[in-house]
Amino acid sequence: MKKKTRGNRGTNNRSGARRLVFILIAVFLTGFAAGATTLWSAHNRLIDWRASINDVQPLTRKEISALRAHLNPVHLRAVSSVGIIRNSKEIDELIQRGELIHLSDCAYYAVHGIPNGMAYLRPQAERTLAGLGARFSSKLAGEGLPPARLCVTSALRTTAYQNQLQRRNKNAANHSAHEYGMAFDISYQRFPAAGPFWTPSVWKWKLIRLLLPSEPTAAAVAMKAVLGRLLLAVQQQKQALVIHESQQPCFHVTVPAK
Ligand SMILES: [Zn+2]
């Protein structure tokens with residue numbers, strides 16, 4: 001009897017080990033198939049994006065000059081009914097009254113290189129910025145381009161800060177709509193990926209940078225064209241005045257005060 005029990009136990013152990021090996025092989029094959037499918041779909045997406053990037057015509061000279069049609073004096077007149085913000089004390093007062101909105105990274109735009117205490121806009125200008133970001137995002141999807149956000153490189157400039165800039169950069173205007181909290185600059189070279197880092201679309205965007213180093217530049221040229229055309233439409237609808245800057249790689253956008 002004892003012998004028979006030992007024999008049964010041996011058979012049970014062997015079939016248990018076989019089952020374990022079978023499960024491990026199944027897990028490995030499933031993982032391998034899932035990984036291969038993900039890589040394959042990422043690869044196909046890369047090919048689609050590359051084709052879409054090549055399909056977008058860069059901005060023409062005519063479009064660029066239309067984006068320079070209204071110069072600084074026109075911008076200043078458009079915001080003259082709103083007061084200039086001279087210093088940080090005035091910033092604090094406006095924040096208290098809910099007349100300045102702090103800019104922080106969100107679904108439609110990311111803030112880049114703006115000094116501490118200057119990432120602010122009046123509510124009407126911030127709404128226009130977020131609206132532009134939303135429209136930009138759907139235009140990109142419509143063109144089959146990777147998801148990206150606007151990169152805001154300048155917002156409010158107090159008079160003190162504007163004077164500082166002027167000393168550094170002779171091109172900086174004497175007065176600008178930035179001093180009214182009604183203007184912002186959007187980079188036409190940087191387009192931060194949309195969504196948090198771990199989302200698949202962003203992961204794929206990072207993959208593009210890794211695998212095809214020249215592609216982000218081509219993508220930026222295509223995205224600049226999409227953004228420039230959107231800004232032209234917005235300017236025609238009298239919702240904004242735009243300057244295609246050349247000293248800095250950005251579009252300056254002034255929101256006319258209502
Ligand atoms: Zn500007």
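Observations
- Rg followed by Dmax, in Å, when region 56-254 is reduced to its Cα trace: 16.9, 51
- Residues C151, C106, sorted so that the one with the fewest Cβ neighbours within 10 Å comes first: C106, C151
- Sorted ascending by nearby beta carbons within 10 Å, beginning with the fewest, M223, M118 become M118, M223.
- With helices as the sole contributors, the chain gives -18500 deg cm²/dmol at 222 nm; each DSSP H run of n ≥ 4 counts as -39500 (n - 2.57), and the sum is divided by every residue.
- With one equal scatterer per alpha carbon and no solvent term, the Debye-computed log10 I(q)/I(0) for region 91-199 at 0.11 1/Å reads -0.38.
- Take every pair of alpha-carbon atoms less than 8 Å apart whose residues are at least six positions apart; their mean separation over the length of region 63-152 yields a relative contact order of 25 percent.
- Only Cα pairs under 8 Å and 6+ residues apart enter the sum, and on that basis the relative contact order of region 56-254 stands at 28 percent.
Taken together, the values in this text are just the output of simple stated rules run on the coordinates, not laboratory data. A quick note: this is a predicted structure, and the numbers were derived from the prediction, not measured. Cβ: placed from backbone, ideal geometry, glycine included. Neighbour counts: every protein chain shown.
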